[in-house]
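Only one structure is covered here, and it is reproduced in the block below.
Just so you know, all these numbers are worked out from the coordinates, no wet-lab data involved. Worth saying up front: this structure is predicted, and the values here are computed from it rather than measured. All Cβ positions, even for glycine, are placed from backbone atoms using ideal geometry, and neighbour counts span all protein chains on display.
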Amino acid sequence: MPFVLPELPYSKDSLVPYMSAETFDFHHGKHHLAYVNKANELAAGTEFETLSLENAVIAAKKAGHQKLFNQIGQIYNHNLFWVSMAKNGGGNKLPGRLEKKVIEDLGGYDALRAGLIEKGTTQFGSGWAWLVLDNQTGKLEITNSANAETPLTDNKTPLLTCDVWEHAYYIDYRNARPKFLEAWIDHLANWEYAAEILEQKL
């Protein structure tokens, strides 16, 4: 089954003024699509072609198939990034069980916010900031990763991610990555989605 570019879960202008329609034109319509096309080219005729996206990411990493992993890792990460945002998202009102876990595992919303900003800002070069559930410990963690790397390959369940590659924010924020992260957390983060995934795992 070929990898596909998912439809955005909102219109391209829904997240204005925090993310512009122009950003979506380039980031989703061109950049993400290029990963999908290249992944399908590399996976054609291989065992990866028949796997789900998540299983293909894990299998490509395990097999040391770096070229393919770079493409499908980026597909997976971007798929999650789009659903990690919502119109009128963000802020400190977290759904019940997610709020409870954030308090228990991370010390509360302020620590969550500060941790995501810190991980995203200090990620050297291109990469991602993540809120994940460690499947072994059952604890929430805030982490970051470089390039196409994803916590999915480390037995962690990603709940939300913020893309801190320059193409994610340069149109709207130029080189001000911390301002982008602040806007993402305060106005875009889809806590409802994170809470849904958390409920499925607990």
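Out of Lys61, Lys93, Lys38, any idea which swings most in a Gaussian network model of the chain, alpha carbons joined below 10 Å? With Cα springs under 10 Å in the chain, the top fluctuation among Lys61, Lys93, Lys38 is at Lys93. Placing pseudo-labels 7 Å out from each Cα toward the beta carbon at Leu8 and Ala176 gives an inter-label distance of 2.1 nm.
Using the count of nearby Cβ atoms within 10 Å as a rough guide to exposure, how do Glu118, Glu41 rank from fewest to most?
Details: Glu118 15, Glu41 10.
Result, fewest neighbours first: Glu41, Glu118.
Springs join every pair of Cα atoms under 10 Å in this Gaussian network model of the chain, and among Thr161, Thr143, Thr50 the largest mean-square fluctuation is at Thr50.
Tell me whether the chain comes out rounded, prolate or oblate; compute the Cα gyration tensor, take square roots of the eigenvalues as a ≥ b ≥ c, and use a/c under 1.5 as the rounded threshold. Oblate.
Under the rule a/c < 1.5 gives rounded, and otherwise a/b versus b/c splits prolate from oblate, where does the range 54-148 land using the Cα gyration tensor? It is prolate, given that a/c is not under 1.5 and a/b is the larger ratio. Using a ≥ b ≥ c from the Cα gyration tensor of the range 1-118 (square roots of the eigenvalues), is it rounded, prolate or oblate, where a/c under 1.5 gives rounded and otherwise the larger of a/b and b/c decides, a/b for prolate? Oblate. If you model the range 96-201 as an ellipsoid using its alpha carbon gyration tensor, with each semi-axis the square root of five times an eigenvalue, the axes come out at 23, 15, 11 Å, biggest first. Dipole magnitude for the range 21-83: about 220 debye, using +1 per Lys or Arg Cβ and -1 per Asp or Glu Cβ, origin at the Cα centre.
When the P(r) is computed for the range 160-202, the part past 12 Å accounts for 62% of the Cα-Cα pairs.
Determine the dipole magnitude for the chain: charges of +1 sit on the beta-carbon of Lys and Arg, -1 on that of Asp and Glu, nothing else is charged, the reference point is the Cα centre, and the result goes in debye to the nearest 20.
180
Taking the fewest neighbouring Cβ atoms within 10 Å as the starting point, the ordered list for Val102, Val16, Val83 is Val16, Val83, Val102. Cα centroid distance between the range 2-48 and the range 139-184, in Å? Using only Cα atoms, the two centres lie 16 Å from each other.
Arranged by the count of other C-beta atoms within 10 angstrom, fewest first, what order do Tyr76, Tyr170 take? Write down the numbers at each step before the final one.
On the way: Tyr76 23, Tyr170 16.
Listing Tyr76, Tyr170 from fewest to most nearby Cβ atoms yields Tyr170, Tyr76.
Helix-only arithmetic for the chain: the sum of -39500 (n - 2.57) across DSSP H runs with n ≥ 4, divided by the residue total, places the mean residue ellipticity at 222 nm at -13500 deg cm²/dmol. All other residues whose Cβ lies under 13 angstrom from that of His31 are scored, Lys and Arg at +1 and Asp and Glu at -1, for a net of -2.
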